[in-house]
Amino acid sequence: MMLEAKDLSKTYFSDGVDYQALRNVDVTIAKGECIAIVGKSGSGKSTLMHLLACLDAPTDGTVYFDGGDTSSLTEKQKNKLRNEKFGFVFQQFFLNGRDTVLENVVLPMRIRGSSNSRIAADAADALDSVGLADKTHKKAKDLSGGEKQRVCIARAIVGRPQVIFADEPTGNLDSHTGAAVEEMLFGLNRNNGITLVIVTHDDELAQKCDRIIEMKDGRIVAEHKQESAAL
């Protein structure tokens, strides 16, 4: 299994009050799978994604990536794992509006210390794959919402990740633009073998994934395997 969580729990402590966001969750995600994590607000779905992506640490339990225990990694090693193996697409774009499309896209590679020639080649491929080759030098603040999300996808894939984590990736988009973004994400999963983990409120989007993990009150209450991958 590519990603595995065993007996995962997460408790947040605030002003003397404990809030258990995740309770003894077990989940496995195979290489190349496309998973939707669904549930109402407060169900624990985003917390689960953050723990799987090593963006947060569990209170109890263990997350494994490619068989390795991520809790044994130093913070520097976790940063390296996220930078080299994972890509992220969120509802908020987290772009620097004053920077160009290209500068936003290549940020993970600059952090990694990639050569200029590798950065140029990989950025060109990523921007071409999301249909933004002609927007390279445009400021991010001047883009439409759909274009900004496509920049985020290009930034997520520029380092050739093994897993893309997408948290409400179409939440800020109209239905037409959202459908185009979905097609890009599913295409990366289908054509490039990238494992896709999507957190969503959108039932239609969830139904297009290989498997749906349904959460309630910090627990997995149901799993549904789809008959066929959509799109």
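Of the GluC sites (Glu not before Pro) found in region 134-231, those in coil by DSSP whose Cβ has at most 11 other Cβ atoms within 10 Å are GLU227.
Once you order the gyration tensor axes a ≥ b ≥ c over the Cα atoms, which shape class does region 172-231 get: rounded for a/c under 1.5, otherwise prolate or oblate by comparing a/b with b/c? Since a/c reaches 1.5 but b/c is at least a/b, the shape of region 172-231 is classed as oblate. Compared with the dominant Cα axis of the chain, that is its longest principal axis, helix 116-129 is turned about 80°.
The GNM of the chain, with springs linking C-alpha atoms under 10 angstrom apart, assigns the highest mean-square fluctuation among PHE13, PHE90, PHE186 to PHE13. Both radii are taken from the alpha-carbon atoms of the chain; with Rh as the Kirkwood radius, Rg/Rh is 0.97. Placing dummy labels 7 Å off each Cα toward the beta-carbon, the span from PHE94 to ASP128 is 2.8 nm. For region 24-112, the C-alpha radius of gyration divided by 2.2 N^0.38 Å, with N the number of residues, is 1.24.
Okay, which of region 1-31 sit inside 12 Å, backbone N to the point 7 Å along the Cα-Cβ direction of ALA57? Zone members listed by number: none at all. Assign one of three labels to region 35-172, namely rounded, prolate or oblate, based on the Cα gyration tensor with a ≥ b ≥ c the square roots of its eigenvalues; rounded applies when a/c is under 1.5, prolate when it is not and a/b is larger than b/c, and oblate otherwise. Judged from the Cα gyration tensor, region 35-172 comes out oblate (a/c at least 1.5, b/c at or above a/b). Summed over qualifying helices (DSSP H, 4 residues or more, each -39500 (n - 2.57)) and divided by its residue number, the chain shows a 222 nm mean residue ellipticity of -10000 deg cm²/dmol. Beyond 25 Å in Cα-Cα separation lie the following of the pairs LYS40/LYS141; LYS45/LYS208; LYS6/LYS80; LYS85/LYS138; LYS6/LYS148: LYS40/LYS141; LYS85/LYS138; LYS6/LYS148. Taking the longest Cα principal axis of the chain as reference, the axis of helix 75-85 is set at about 60 degrees. Relative to the Cα centre, the charge distribution of region 3-225, modelled as +1 at Lys and Arg Cβ and -1 at Asp and Glu Cβ, gives a dipole magnitude of about 640 debye. What the Cα convex hull of region 127-231 gives, in volume per residue, is 117 Å³. I need the calculated FRET efficiency for the pair GLN226 and ARG110, taking r as the beta carbon distance and R₀ as 30 Å, to the nearest 0.05. That gives a FRET efficiency of 0.20.
Its Cα gyration tensor gives region 106-173 an equivalent ellipsoid. The semi-axes, each the square root of 5 times an eigenvalue, are 20, 15, 10 Å from largest down. Within the chain, the longest segment free of exposed loop sites, counting trypsin sites (Lys or Arg not before Pro) that fall outside DSSP classes H, G, I, E and B and have at most 16 other Cβ atoms within 10 Å, spans 139-231.
Rule-based calculations on the coordinates, nothing more; no lab input. As the structure is a computational prediction, the values presented were derived from the model and not from experiment. Here the Cβ is made from the backbone with ideal geometry for all residues, glycine too, and neighbour counts use every protein chain on show.
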